[in-house]
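What follows is a set of notes on a single structure, which appears directly below.
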Amino acid sequence: MQHEDLTLWAVVTADQRNSRRSSDHVPDALTALQAVVGDRFALGFERTAGDELQGLTRDPGAVVDAVLTLTEQPFWHVGIGIGEIEQPLPASTREARGPAYVAARAAVEQARSAPAHLRLVAAETVGPSSYGETVAQRAERAESALVLLRALVSRRTPEGWEIMQVLDETGSGRAAAERLGISASAVSQRATRSARAESLAGAELARVLLAEALAVPA
């Protein structure tokens, strides 16, 4: 069956690193994710087991934003599964089932030893597209973009994350400078150090490639 005929979902699962030797970061992560992705996830992020959290969406941009949010808090292995979900959707991601969840479980397990601690896995049940290309092949390209993006932004300092947020909210370097009480040149320097231009380009590339893998409009 061609995967364009199916409804594909992305399950994002995050597992806390070294949880036995550190405090519980799930509450902070859930708060941050709610603020950033909100209702763009059909089943919002919840603690699913111990130090693990999970959410479900068909929005490729929401997946990218969730990955960036989980990267700002450097405590997470991230696994993304792409595939079908049993219908109708339940009220909670803890109750949901389907091949996408199986793929996400495999992905988060593999993420422990993967580059940038991220894996994206397509469910084996999804067949090729009308062009003979499989979801797995498209998922590989999306994974490569996400790994590179995560590796790039993981080098940011708290100051770098702050300048990204302020620039996103204000829309200009001058307005950001006024809010932060610094010069426009300092804003520019911080943006450069945080790889703002490169990360925006990488996020857009990852979003487009995820849209291809999910067979949704880019």
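Numbers at a glance
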read-out	value
Every pair of residues 6+ apart whose Cβ atoms lie under 7 Å, when the first sits in the stretch 1-19 and is open to solvent by 10 Å² or more (accessible area, probe 1.4 Å) while the second is modelled with pLDDT of 75 or more and among the basic types (K, R)	W9/R58
Residues of the stretch 179-204 that turn out to be farther than 14 Å from L68 by Cα and either surrounded by 14 or more Cβ atoms within 10 Å (Cβ to Cβ) or touching a residue at least 60 places away in the same chain (Cβ under 8 Å) (or both), as a count	9
Elements of type helices (runs of 4 or more DSSP H) contained in the stretch 139-218, each with 1 or more residues being in contact with a Pro (Cβ under 7 Å, 6 or more places away or on another chain) and modelled with pLDDT of 95 or more	196-214
Matching residues, the stretch 11-23, being at pLDDT below 90 and not in a helix (DSSP H, G or I)	R17, N18, S22, S23
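The values are calculated or read from the model by the stated rules, or taken from the named source; none is laboratory data. The model shown is predicted, which means the values in this text are computed figures rather than measured ones. Glycine gets a Cβ as well: all are built from the backbone with ideal geometry, and neighbour counts include every protein chain shown. The area values use the complete protein model at the heavy-atom level, side chains included, leaving out ligands, DNA and RNA. Shrake-Rupley method; radii C 1.70, N 1.55, O 1.52, S 1.80 Å.
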